[in-house]
Each structure stands twice: as structure tokens, then as C-alpha cells.
Amino acid sequence: LVTCVDSETGDFLWRVDYPKIDKITSELCYADGKIFYVINEQKLEILDADSGELIQEEFLPSRVFGCTSMTVADGRLYISTYDGISCYSISEQKFIWSYYDGRNCRTISSVSNGVCVYMTLYKIIALRTKDGSLLWDRNLDVDEEKEVDECPPILPWYVTIQGDKAYY
């Protein structure tokens, strides 16, 4: 169920209902007059923000993990997936790259200056936004001498990037 109300008055504008077998498995994300969300952990749906009309459906390159997060930056939608990040070009209306690290993406990605950073259970990963190639990754253990699996995961999984620095 996706509902649109006037933010100043609360007046009902439109609603999209789904069969009981379908469920939204992401946050809702707005960009360029469109509403983006993932349904049933595997399909990106795009609605016209003014009318609620379905514009496009696109299967994800990889399933999402539970209720996933998305980030919009520079005309692109970055979607946290079960095993990495997928990047959807809003203007081209298609997925343009995916990065698979084999571990669950656990964060909302953060994007700045051509770099996308996100966290898995044990790593922080930085990708080039132009093509999804790996820029660097870093284990999240406190003691660099220990094996990653010996350390408890860092919780919660928050990361942001600003300028030339990433914070987590």
C-alpha cells in the first residue's frame, strides 16, 4: 500500500493497493517526480509522484535483504542488496552497474564526490559511482591484527561520506 497525502493539510490525494501476496520491502524514495520502492525483495517499482500511476517495473540484479534502504544522488538511485549495491540511472531508466561483495549490505549508502560508501557486517566498502568499481574496502575490526570473524560486528551500521572523508 502506497498512499499520498498533502503534507500541509493531510488531505488524501491517491493510493496504490497491492494484492496480499505482494509487500513493499524497502523505504520509499523520491526523485525527479517519481516514487521508488522495492516489492517482494526483488522488483523495483516506480510511480508518478503526482498521480500514483505505475511508470515502470524492473527486476533487481540481486534480491534485497529484508527491508532495504535506498539513496538518491546525482540522478542515480543506489539500492542496498543482499550481496552488495545496485545503481539505477533515473534518466536512462535502467540499472547501470552492480557491485557484489558476497555479504549483506547493512547500511544506507552515502554518496559524495563520485564515491559511494556502504557497510556490510564486517567491512566498509567504497565504490566509484561512475562504474561501481572498487575504490577500497576496510575491515571493521577494532584490532587490525585479529581476524575479522573474531571481532563482534559493529552496530549499528551507519556510514556517511562528506568531501574526502568517510565516517562510521
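The values are calculated or read from the model by the stated rules, or taken from the named source; none is laboratory data. Everything numeric in this text was worked out from a predicted model, so none of it was measured. A quick note on method: Cβ atoms are made from the backbone with ideal geometry, for glycine too, and the neighbour counts reach across all protein chains shown. Ligands, DNA and RNA are excluded from the accessible area calculation, which covers all protein heavy atoms including side chains. Shrake-Rupley method; radii C 1.70, N 1.55, O 1.52, S 1.80 Å.
If you take every residue apart from residue 27 with its C-beta less than 14 Å away from the C-beta of residue 27, what net charge results, scoring Lys and Arg +1 and Asp and Glu -1?
In short, -1.
How large is the accessible surface of residue 72 in square angstrom, using a 1.4 angstrom probe and rounding to the nearest 10?
60
Cα atoms only, the stretch 29-70: Rg and Dmax in Å?
10.4, 29
Heavy atoms of the protein only, probe of 1.4 Å, neighbouring chains included. What is the accessible area of residue 15 in Å², nearest 10?
120
Two decimals is fine: what's Rg over Rh for the stretch 1-92, C-alpha atoms, Kirkwood radius as Rh?
0.96
Gain in length, residue 113 to residue 53, computed as 0.36 nm per residue apart minus the alpha-carbon separation, to one decimal in nm?
Extending this stretch completely gives an extra 18.2 nm.
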